[in-house]
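Working notes for the structure below.
The values are calculated or read from the model by the stated rules, or taken from the named source; none is laboratory data. No experiment lies behind these values; they were computed from the predicted model shown. Keep in mind that these areas ignore ligands, DNA and RNA; they rest on the heavy atoms of the full protein, side chains included. Shrake-Rupley method; radii C 1.70, N 1.55, O 1.52, S 1.80 Å.
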Amino acid sequence: LGSEQVTSAFFKKMKLMSKIRQKWKTLIITASTLYIALMMLKKSTVPPQEIQQPKVAVKSNVTEDPIYKLRASKIRNICKQLKEKPSIFQVGPVNKMITGIDKSHFIKEPETGSLLCLNYKVGITSWLKMFYAVNQNKPRLDKILGNGLLYRLIPAFGLKAPQILAASTNPNIFKFIAVRNPLDRLLSAFTNRIRSKSVTYKAHVSRVTNHGENGRKYKNGEEVSFEDFLLYVIGGSLDVHWLSYWRSCSPCVVHYDAVMKLEDGADGIEYILQASGMNKYAQMPPPQNTSKKSPELYREISCATLEKVYKFFKLDFILFGFSAKEYLEEAGVSCSFPEFPVNTNR
């Protein structure tokens, strides 16, 4: 072959190889594009249950703020210390505080089995109405309530001492207690029971006026002073409207699941209703507060008397996390008597 023929054949071969490489390149690009498209299609068609959704924290009114449970736990710890080292708290005879149960203060809601210890002047009327509302179709309760005396429901919901003891540590029974600052409760009792001249409290009024706690007798028609009432209470007067919480509710015997303070308001009530299950049966009746108390009355009381009142109710302040000084300061009273340190945020 001539040189021109060889050169022509060489270029034809190179041109052919170039076309082949171009076709392969196009084929590879096409294949890659198809593969990517298939992968994207597959990803978009994954069944919904296989797609991992971001985890979102679900808030619950019952669990987001366990302060009510923390209070109950704190009480158990304090009771343990009372048994081991009672001198820490400098309170009265410990054996009376950590033993025994007064059955007259305990009621059980039959539908949910919830157990409540009643403290008068701490929303007791509202809770009795709630218990009745949950069980309003019970003929026996309707008959008891027929004469309009709500407090007759207490024996109907009542328990015997052995039943209370059996329930006291039973984890399947929801047990709760409602309290308020002891000073606020005393003020409410004075305003609603003594100053209002309640017929049922004439005997108390008569005892105070005839045996003046400050060493004097009252004149005819003279009203009982708040200070004399306080001295009368800490002098040994026993009445359910100012009886110490530890006496009425045995917090070192009954293992409560929740402690609600009147100061908690609607949040505390909502927690109790949900935790107990009573909210499934009825709604809490609106509160009925007819007591028009004036915290300013504490400005008329001497610090010496206020210290005596604090010492008398000291265990209630410690167990349930209340401060006498904080309450008095809000009322415009400043006293320097020693107070056992407590966490009032709980």
Let me check something: with ligands and nucleic acids excluded, how do THR125, THR99 order by accessible area (1.4 Å probe), largest to smallest? THR99, THR125
XL table LYS74/LYS138; LYS103/LYS293; LYS108/LYS280; LYS160/LYS311; LYS108/LYS311; LYS175/LYS293; Cα-Cα > 28 Å flagged, in table order, is LYS74/LYS138; LYS103/LYS293; LYS160/LYS311; LYS108/LYS311; LYS175/LYS293
Per-residue accessible area, 1.4 Å probe, largest first, puts ASP257, ASP228 in the order ASP257, ASP228
